[in-house]
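Colleague: Have a look at the structure that comes next, please.
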Amino acid sequence: MLGSMQDLPLSISSLIEFAARHHHDTEIVSRRVEGDTHRYTYRDAARRSRKVAAAVERLGLGFSDRFATLAWNGYRHLELYFGISGCGRVVHTLNPRLAPEQLVWIANHAEDQALAFDLSFLPLVQAVWRQCKTVRHWIALCDEAALPPASGIDGLRSYEAWIADESDARAWPVFDERSAAALCYTSGTTGNPKGVLYSHRSTLLHAYAGALPDALALSARDSVLPVVPMFHVNGWGIPYGAAMTGAKLVFPGPALDGKSVYELLQSERVTMAAGVPTVWLMLLNHMQQHGLRFDHLKRTVIGGSACPPAMIRSFRDEHGVTVLHAWGMTEMSPIGTVCNLKLAQRDLPAEEQLGVLAKQGRAVFGVDLRIVGPDGQELPWDGQTSGDLQVQGPWIASAYFKGEGGDPLVHTEDGPWFPTGDVGTIDADGFLQITDRSKDVIKSGGEWISSIDIENVAVAHPAIAMAACIALPHPKWDERPLLVAVRKPGAAVTREELLSFYEGKVAKWQVPDDVVFVEAIPLGATGKMQKNKLREQFHGHAMPG
Ligand code: ADP
């Protein structure tokens, strides 16, 4: 016997309609590429999303056809999120920080039919548009008046003119909740990028779980600033979660430097922000230099790569802001774990709490995780034993777009698991700690050195801004760690001083063999340190002794 409840599909359009009805006057504020600040409400966003849906249909795109965006975080990008997915097409967020040839490869692979872009990316689009074989419609995210007169791009039109005459009162189509809604490609640091195709169902379930108190705790009392770009795994689901909960949205546009982010956090009374560690590094440096304080910010989600404990401490002790350390990946929509204390940990001494908060956190309901050994057997949750991390859940990929790379899952007696490529420990309370990506682990004399541990010590040094630890081949030990570090502006520290800083913090054999200071560490398209580039750069580096 089936239950007798209403069988309504979970749909992305329902999010924006809900927000428009129940949070109609809640603001969405965007710093625009044009340089000014734009304000409107969920009611306006819903109206214009409906217009987008009508305009997409008029282009003649088929069901599940891909419509690409090349845009910063802003209200027009939000309308495309809801408008494109809402009418049964797939919003494909391209990452403008990728190399042009990678972009072309991805757009062709996705068979994008249309592409909407912020004017700041006009030169990029001019360089690549002829090579994007399937794209038939080019739309600049601007007013008709701002449309560049001689762009050279065939049929280029302005977004505002494109949607102007469409109806804002139409009903959304109803279709299977498992239909494709959004497409995002993995960074592809090795091999070609692979597409992850989210469904309406997976997106809605992820949004519910992401809003839970022990996840991001989104609410109608929040003003939320996703610094994480909407082209980086759907802005970690925040655009959907904000609509679901009626949180105010604040979009930074292209201005992601410390000063601009700080000003926006203050002026829009932002209570929660989200981004990768490198973004917060810029913000904290700016605040330190100018002796600034937060008046409204309560918590910040940090993920995408390991958040150094020193950063969590700085937010907590100097600014009274709680860091929610989160772990996930493109294949997981992306949320897997978020770090929040349990009841029994609330009275722990501050230092011990920091030890917990520096971990990647506990699984949110919907994600199951386990660590396994080389034989595929599950390993104990003792906080010590590390193994390959596998996950399963309804917002985790079961395949890549177009079946690329074959079946990515590991099939075992207890069902299919997705191998994350991460290595970590899980403690008795269920807190996951990522020790490394399996390809970044340093294997020294049969033991493993966690590159993240070594980097965390380095960035706790007051003179160090950023650090990456990579393995170099070693005739006796197999591999040994090299630390590549960037000094803070105006700060001085020598190789010897930095190495002696490790004393008592890690085992002697884990201390890097050498330190090289560089001006900057190469960052990838999502703000992560590109260790593969460093490995190439320092290939053949002669370690002392
Ligand atoms: P995202 O775009 O969400 O960062 P990617 O698919 O590009 O997702 O990368 C996912 C990988 O990033 C994870 O497999 C993991 O190696 C790393 N990662 C993400 N969050 C963290 C974190 N909090 N700590 C350590 N590594 C992380």
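Colleague: Please go through the stretch 320-371 and give me each residue that is β-branched (Val, Ile, Thr) and in a loop (DSSP other than H, G, I, E, B), ordered by number.
Modeller: Within the stretch 320-371, the first condition is being β-branched (Val, Ile, Thr), and the residues that meet it are 321-323, 330, 335, 337-338, 356, 364, 367, 371.
Within the stretch 320-371, VAL321, VAL364, VAL367 meet the criteria.
Colleague: Residues in the stretch 18-42 that are more than 21 Å from PRO229 (Cα to Cα) and out of contact with any Ser or Thr (no Cβ under 9 Å at 6 or more places or on another chain): how many?
Modeller: 3
Colleague: State whether one or more residues within the stretch 378-387 are within 16 Å of the ligand (Cβ to nearest atom), surrounded by 15 or more Cβ atoms within 10 Å (Cβ to Cβ) and within 30 Å of ALA180 (Cα to Cα).
Modeller: Within the stretch 378-387, none of the residues are within 16 Å of the ligand (Cβ to nearest atom), surrounded by 15 or more Cβ atoms within 10 Å (Cβ to Cβ) and within 30 Å of ALA180 (Cα to Cα).
Colleague: Mind checking which residues of the stretch 266-283 are out of contact with any Gly (no Cβ under 7 Å at 6 or more places or on another chain) and buried (at least 18 other Cβ atoms within 10 Å of the Cβ)?
Modeller: Residues satisfying the conditions are GLU268, VAL270, THR271, MET272, ALA273, ALA274, GLY275, PRO277, TRP280, LEU281.
Colleague: Of the residues LYS359, LYS298, LYS342, only one is in contact with an Asp or Glu (Cβ under 8 Å, 6 or more places away or on another chain) and more than 15 Å from the ligand (Cβ to nearest atom); which? Reasoning before the result, please.
Modeller: Values: LYS359 fails: more than 15 Å from the ligand (Cβ to nearest atom); LYS298 fails: in contact with an Asp or Glu (Cβ under 8 Å, 6 or more places away or on another chain).
Every option except LYS342 fails the conditions.
Colleague: I've got another one for you. Go over the candidates ALA460, ALA465, ALA485 one by one and state the one that is touching a strand residue (DSSP E or B) at 6+ places or on another chain (Cβ under 7 Å), closer than 29 Å to VAL279 by Cβ, in contact (Cβ under 8 Å) with a residue 60 or more places away in the chain and of a type in the set (Gly, Ala, Ser). Full working, then the answer.
Modeller: Numbers: ALA460 fails: touching a strand residue (DSSP E or B) at 6+ places or on another chain (Cβ under 7 Å); ALA485 fails: in contact (Cβ under 8 Å) with a residue 60 or more places away in the chain.
Going through ALA460, ALA465, ALA485 in turn, the sole match is ALA465.
Colleague: Name the residue, out of ALA255, ALA242, ALA247, ALA274, that is among the aliphatic types (A, V, I, L, M) and touching a Phe, Trp or Tyr at 6+ places or on another chain (Cβ under 7 Å). Please lay out each step first, then the result.
Modeller: Numbers: ALA255 fails: touching a Phe, Trp or Tyr at 6+ places or on another chain (Cβ under 7 Å); ALA242 fails: touching a Phe, Trp or Tyr at 6+ places or on another chain (Cβ under 7 Å); ALA247 fails: touching a Phe, Trp or Tyr at 6+ places or on another chain (Cβ under 7 Å).
The match here is ALA274.
Colleague: In the stretch 188-196, is there at least one residue being surrounded by 15 or more Cβ atoms within 10 Å (Cβ to Cβ), of a type in the set (Lys, Arg), within 16 Å of the ligand (Cβ to nearest atom) and in contact (Cβ under 8 Å) with a residue 60 or more places away in the chain?
Modeller: Step one: list which residues in the stretch 188-196 are surrounded by 15 or more Cβ atoms within 10 Å (Cβ to Cβ), which gives 188-189, 193-196.
Filter again for of a type in the set (Lys, Arg), leaving 194.
Adding the requirement that they be within 16 Å of the ligand (Cβ to nearest atom) leaves 194.
Still in the running and in contact (Cβ under 8 Å) with a residue 60 or more places away in the chain: 194.
Scanning the stretch 188-196, I find at least one residue that is surrounded by 15 or more Cβ atoms within 10 Å (Cβ to Cβ), of a type in the set (Lys, Arg), within 16 Å of the ligand (Cβ to nearest atom) and in contact (Cβ under 8 Å) with a residue 60 or more places away in the chain, so the answer is yes.
Colleague: Take residues that are hydrophobic (A, V, I, L, M, F, W, C), touching a helix residue (DSSP H, G or I) at 6+ places or on another chain (Cβ under 8 Å) and surrounded by 17 or more Cβ atoms within 10 Å (Cβ to Cβ) and tell me which of the helices (runs of 4 or more DSSP H) falling wholly in the stretch 441-545 contain 3 or more.
Modeller: Details: elements: 451-460, 495-500, 531-537.
Result: 451-460.
Colleague: Now a separate question. How about the stretch 332-366: which of its residues are in contact (Cβ under 8 Å) with a residue 60 or more places away in the chain, among the basic types (Lys, Arg) and farther than 24 Å from ASP436 by Cβ?
Modeller: Selection gives LYS342 alone.
Colleague: Report, ordered by the first and then the second residue, all pairs with beta carbons closer than 7 Å, sequence separation of six or more or different chains, a first member in the stretch 89-111 that is more than 18 Å from TYR400 (Cα to Cα), and a second member that is assigned to a strand (DSSP E or B) and among the basic types (Lys, Arg).
Modeller: none
Colleague: Kindly indicate whether GLY320 is surrounded by fewer than 19 Cβ atoms within 10 Å (Cβ to Cβ) and either over 28 Å from THR186 (Cβ atoms) or away from the ligand (no atom under 12 Å from the Cβ) (or both). First the steps, then the outcome.
Modeller: Values: surrounded by fewer than 19 Cβ atoms within 10 Å (Cβ to Cβ): yes; either over 28 Å from THR186 (Cβ atoms) or away from the ligand (no atom under 12 Å from the Cβ) (or both): yes.
Against the criterion (surrounded by fewer than 19 Cβ atoms within 10 Å (Cβ to Cβ) and either over 28 Å from THR186 (Cβ atoms) or away from the ligand (no atom under 12 Å from the Cβ) (or both)), GLY320 qualifies.
Colleague: Given the structure, is GLN345 in contact with a helix residue (DSSP H, G or I) (Cβ under 8 Å, 6 or more places away or on another chain), within 18 Å of GLY430 (Cα to Cα) and among the polar types (S, T, N, Q)? Give the steps one after another, and end with the answer.
Modeller: Values: in contact with a helix residue (DSSP H, G or I) (Cβ under 8 Å, 6 or more places away or on another chain): yes; within 18 Å of GLY430 (Cα to Cα): yes; among the polar types (S, T, N, Q): yes.
So GLN345 fits the description; yes.
Colleague: Any residue in the stretch 163-183 that is within 16 Å of the ligand (Cβ to nearest atom) and at pLDDT 95 or above? Break it down into steps so the answer makes sense when it comes.
Modeller: Initially, the stretch 163-183 is screened for residues within 16 Å of the ligand (Cβ to nearest atom), giving 182-183.
After this cut, where a residue has to be at pLDDT 95 or above as well, the list is 182-183.
Yes, there is a match, as at least one residue in the stretch 163-183 is within 16 Å of the ligand (Cβ to nearest atom) and at pLDDT 95 or above.
Colleague: Does any residue of the stretch 285-295 turn out to be more than 9 Å from the ligand (Cβ to nearest atom), in contact (Cβ under 8 Å) with a residue 24 or more places away in the chain, in contact with a Lys or Arg (Cβ under 6 Å, 6 or more places away or on another chain) and more than 28 Å from ARG362 (Cα to Cα)?
Modeller: Here is the first cut: in the stretch 285-295, the ones more than 9 Å from the ligand (Cβ to nearest atom) are 285-295.
Remaining after also requiring in contact (Cβ under 8 Å) with a residue 24 or more places away in the chain: 285-287, 292-295.
Imposing the further condition that a residue be in contact with a Lys or Arg (Cβ under 6 Å, 6 or more places away or on another chain) reduces the set to 286.
Keeping just the survivors that are more than 28 Å from ARG362 (Cα to Cα) gives 286.
Among the residues of the stretch 285-295, at least one is more than 9 Å from the ligand (Cβ to nearest atom), in contact (Cβ under 8 Å) with a residue 24 or more places away in the chain, in contact with a Lys or Arg (Cβ under 6 Å, 6 or more places away or on another chain) and more than 28 Å from ARG362 (Cα to Cα), which makes the answer yes.
Colleague: Hey, can you tell me all the residues within the stretch 216-236 that are closer than 15 Å to LEU324 by Cα, within 12 Å of the ligand (Cβ to nearest atom) and not β-branched (Val, Ile, Thr)? Spell out how you get there, then give the answer.
Modeller: Of the stretch 216-236, the ones closer than 15 Å to LEU324 by Cα are 216-218, 224-228, 236.
Next, from what is left, pick out any that are within 12 Å of the ligand (Cβ to nearest atom): 228, 236.
Of everything in the stretch 216-236, just one residue is closer than 15 Å to LEU324 by Cα, within 12 Å of the ligand (Cβ to nearest atom) and not β-branched (Val, Ile, Thr), namely TRP236.
Colleague: Among the residues in the stretch 287-296, are any under 18 Å from the mean Cα position of the chain (by Cα) and outside the structural domain of LEU119 (by TED's automatic domain parsing)? Before you say what the answer is, go through the steps one by one.
Modeller: Initial filter on the stretch 287-296 (under 18 Å from the mean Cα position of the chain (by Cα)): none.
No - not one qualifying residue is present in the stretch 287-296.
Colleague: Take the stretch 401-418 and flag every residue that is within 16 Å of the ligand (Cβ to nearest atom) and in contact with a Leu (Cβ under 8 Å, 6 or more places away or on another chain). It would help to see each step written out before you state the result.
Modeller: First, pick out the residues of the stretch 401-418 that are within 16 Å of the ligand (Cβ to nearest atom): 401, 404-405, 408-410, 417-418.
PHE401, TRP417, PHE418, listed by residue number.
Colleague: Another question, then. Being of a type in the set (Gly, Ala, Ser) and either within 20 Å of the chain's Cα centre (by Cα) or in a strand (DSSP E or B) (or both) is the filter here; which residues of the stretch 412-437 pass it?
Modeller: Of the residues in the stretch 412-437, the ones of a type in the set (Gly, Ala, Ser) are 415, 421, 424, 428, 430.
Within the stretch 412-437, GLY415, GLY421, GLY424 qualify.
Colleague: So, in the stretch 324-354, of the ones that are buried (at least 23 other Cβ atoms within 10 Å of the Cβ) and β-branched (Val, Ile, Thr), which residue ends up farthest from ASP407 (Cα to Cα)?
Modeller: This residue is VAL338.
The values are calculated or read from the model by the stated rules, or taken from the named source; none is laboratory data. These figures come from a predicted structure and were not determined experimentally. A quick note on method: Cβ atoms are made from the backbone with ideal geometry, for glycine too, and the neighbour counts reach across all protein chains shown.
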